[in-house]
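Shown next, in structure tokens, is the structure this report addresses.
The values are calculated or read from the model by the stated rules, or taken from the named source; none is laboratory data. Keep in mind that this is a model prediction, so the values were computed, not measured. Here Cβ is always computed from backbone atoms with ideal geometry, including for glycine, and neighbour counts include all displayed protein chains. Accessible surface areas use protein heavy atoms only, side chains included; no ligands, DNA or RNA. Shrake-Rupley method; radii C 1.70, N 1.55, O 1.52, S 1.80 Å.
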Amino acid sequence: MKKKSLWKEAAGMKSFPKLNENKDTEILVIGGGITGLTTALMLTEAGKKVILLEALRIGDGTTGFSSGHLTTDIDEEYQNVVSDFDEDTIRLVADSRKAGINFIEETCNSKNISCDFQRIPGYWFTEIVEDTSRLKDEYE
């Protein structure tokens with residue numbers, strides 16, 4: 001079964017011409033996913049001369065299959081990495097994720113990007129009673 005992306009189907013992915021000549025630039029950003037696009041945007045707004053290169057199409061890789069769900073949670077769960085880092089470092093990770101979400105919201109608002117950004121509650125739950133303590137540990 002081939003995976004389909006709602007974003008790719010709805011966005012009408014635009015193609016750009018290949019770069020077939022030498023160009024002068026201060027900064028070259030490689031990758032046209034959300035991270036590369038954001039980096040190029042920020043650098044351009046800071047007055048830098050930027051070229052962005054993408055091998056396929058803008059947003060066609062990982063970004064194109066993203067759920068668009070933003071959270072301060074981390075894949076490994078905080079309770080699993082807290083033994084490797086001190087509490088200040090873990091707090092920095094959470095704060096940086098909050099700052100990223102705030103940046104996205106501010107960018108959507110300041111640039112009038114109609115993308116249905118909204119803050120909604122998120123919930124962790126389990127149907128397995130034995131996993132309840134794991135959820136409590138993560139909450140702490």
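For the range 49-71, does any single residue satisfy the condition of being over 27 Å from Ser15 (Cα atoms) and out of contact with any Lys or Arg (no Cβ under 9 Å at 6 or more places or on another chain)? There is no residue in the range 49-71 that is over 27 Å from Ser15 (Cα atoms) and out of contact with any Lys or Arg (no Cβ under 9 Å at 6 or more places or on another chain). Close contacts from the range 56-71, counting a first residue that is within 24 Å of Tyr123 (Cα to Cα) and of a type in the set (Gly, Ala, Ser) and a second that is modelled with pLDDT under 80 and open to solvent by less than 50 Å² (accessible area, probe 1.4 Å), with Cβ to Cβ under 9 Å and a gap of 6+ residues or different chains, come to Ser66/Ser5.
Any chance you could count how many residues in the range 55-96 are at pLDDT below 85, more than 17 Å from the chain's Cα centre (by Cα) and among the small types (Gly, Ala, Ser)? Number satisfying all stated conditions: 1.
Residue count for the range 98-136 satisfying the condition of being closer than 16 Å to Ile34 by Cβ, open to solvent by less than 100 Å² (accessible area, probe 1.4 Å) and charged (D, E, K, R): 2. Got at least one residue in the range 90-97 being open to solvent by less than 90 Å² (accessible area, probe 1.4 Å), in a helix (DSSP H, G or I), farther than 29 Å from Ser5 by Cα and in contact (Cβ under 8 Å) with a residue 60 or more places away in the chain? No, the range 90-97 contains no residue that is open to solvent by less than 90 Å² (accessible area, probe 1.4 Å), in a helix (DSSP H, G or I), farther than 29 Å from Ser5 by Cα and in contact (Cβ under 8 Å) with a residue 60 or more places away in the chain. For the range 35-54, filtering for residues that are over 14 Å from the mean Cα position of the chain (by Cα), surrounded by 12 or more Cβ atoms within 10 Å (Cβ to Cβ) and part of a helix (DSSP H, G or I) leaves 5.
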